[in-house]
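What follows is a short report on a single structure.
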Amino acid sequence: MQSKMKLTSLDLVEILESTENENILIAFRSRTFLKGEVLASPSDNENCVFIIREGRARVFLSSPSREFILSILSKGDIYSTHTRATCQALEDGSMYICPVRDFKRIASEHSEFTMTMVKVLGELLSGAFSIIDGFAFRDTALRLMLFFYEEALHTGVEQEGGRYLELPLTVEQIAQIVGASRQMVSPLLNDMYKSGLIERRGRGKFFIPDMERLNQASQLPF
């Protein structure tokens, strides 16, 4: 299973900025954003597609009593407005924006780009099933370990025989991602530190000394 906090392994920024796709990029406008800024909400009037160029953002559902984070967007991830979810910047960054009507035209005129989008949508669907799988079959401890494993695998960097990971998330936000309370996640994190599965190296900075050990610890017992 993949927790799939990063929506897709395909980097659409690299694809858009490649020389052969200059005629596609001109349909997008570039926009910067600040940490905490709402990039999309259910009440938006504008119907557009955007691709994160720099920085990170969270996609979440909210109610009067709680929030539930669906995913973390980072470089190369794509998102569309007019959904039930809200997208908010976790840090300063920039993105490419394109009206949906122009995006549809691009998709119809450029078959190679359309095929790339089909792959992206396939990964999004896989990620959705992964989230369902996690909540249906794994307890909070396993979901938390799997979250750190997948984040380190997709966004971490190799270091000292393990992987170094930076997460601009509070314990509360991590708890929202794995579908638990902060009071439940905090002691579980401490247990992971004590067992050596994860090392904390500062605020939002982690090191996983043995990825395979963390992966095995996150799996369902049979």
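The values are calculated or read from the model by the stated rules, or taken from the named source; none is laboratory data. Computed from a predicted structure; not experimentally measured. Here the Cβ positions follow ideal geometry from the backbone for every residue, glycine too, while neighbour counts run over all protein chains shown. Just the protein is used for accessible areas: all its heavy atoms, side chains included, with ligands, DNA and RNA removed. Shrake-Rupley method; radii C 1.70, N 1.55, O 1.52, S 1.80 Å.
For region 172-190, enumerate the residues that are free of Cβ contacts under 8 Å to residues at least 12 places away in the same chain and open to solvent by 30 Å² or more (accessible area, probe 1.4 Å).
To start, the set of residues in region 172-190 that are free of Cβ contacts under 8 Å to residues at least 12 places away in the same chain comprises 172, 175, 181-183, 187, 190.
Glu172, Ser181, Arg182, Gln183, Pro187, Asn190, listed by residue number.
Tell me which residues, restricted to region 36-60, are charged (D, E, K, R) and in contact with a Gly (Cβ under 8 Å, 6 or more places away or on another chain).
Restricting attention to region 36-60, the residues satisfying the condition of being charged (D, E, K, R) are 37, 44, 46, 53-54, 56, 58.
Listed by number, the residues that qualify are Arg53, Glu54, Arg56.
Residue by residue through region 37-82, note down the ones that are of a type in the set (Val, Ile, Thr) and either at positive phi or open to solvent by less than 50 Å² (accessible area, probe 1.4 Å) (or both).
Start the filter on region 37-82 by keeping residues that are of a type in the set (Val, Ile, Thr), which leaves 38, 49, 51-52, 59, 69, 72, 78, 81.
Answer for region 37-82, where residues must be of a type in the set (Val, Ile, Thr) and either at positive phi or open to solvent by less than 50 Å² (accessible area, probe 1.4 Å) (or both): Val49, Ile51, Ile52, Val59, Ile69, Ile72, Ile78, Thr81.
Would you please list the contacts, defined by Cβ atoms under 6 Å and residues six or more apart or on different chains, that run from a residue in region 138-163 that is of a type in the set (A, V, I, L, M, F, W, C) to a residue that is part of a strand (DSSP E or B)?
Close Cβ pairs satisfying both conditions: Ala152/Arg163; Ala152/Leu165; Ala152/Ile208; Val157/Tyr164.
Can you list residue pairs whose Cβ atoms sit under 6 Å apart, with the first residue in region 17-32 being closer than 20 Å to Arg105 by Cβ and the second being in a helix (DSSP H, G or I) and β-branched (Val, Ile, Thr)? Count only pairs 6 or more apart in sequence or on different chains.
Between residues of region 17-32 that are closer than 20 Å to Arg105 by Cβ and residues that are in a helix (DSSP H, G or I) and β-branched (Val, Ile, Thr), the close pairs are Ile24/Ile106; Ala27/Ile106.
If you take the residues of region 177-208 that are under 19 Å from the mean Cα position of the chain (by Cα) and over 18 Å from Glu166 (Cα atoms), which of them is modelled with the highest pLDDT?
Ranking the qualifying residues of region 177-208, first place goes to Ala180.
Rundown of residues vs (1) modelled with pLDDT under 90; (2) open to solvent by less than 60 Å² (accessible area, probe 1.4 Å), yes/no style:
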{"position": "Met115", "(1), (2)": "yes, no"}
{"position": "Gly134", "(1), (2)": "yes, yes"}
{"position": "Leu153", "(1), (2)": "yes, no"}
{"position": "Gly162", "(1), (2)": "no, yes"}
{"position": "Asp210", "(1), (2)": "no, no"}
{"position": "Leu214", "(1), (2)": "no, yes"}
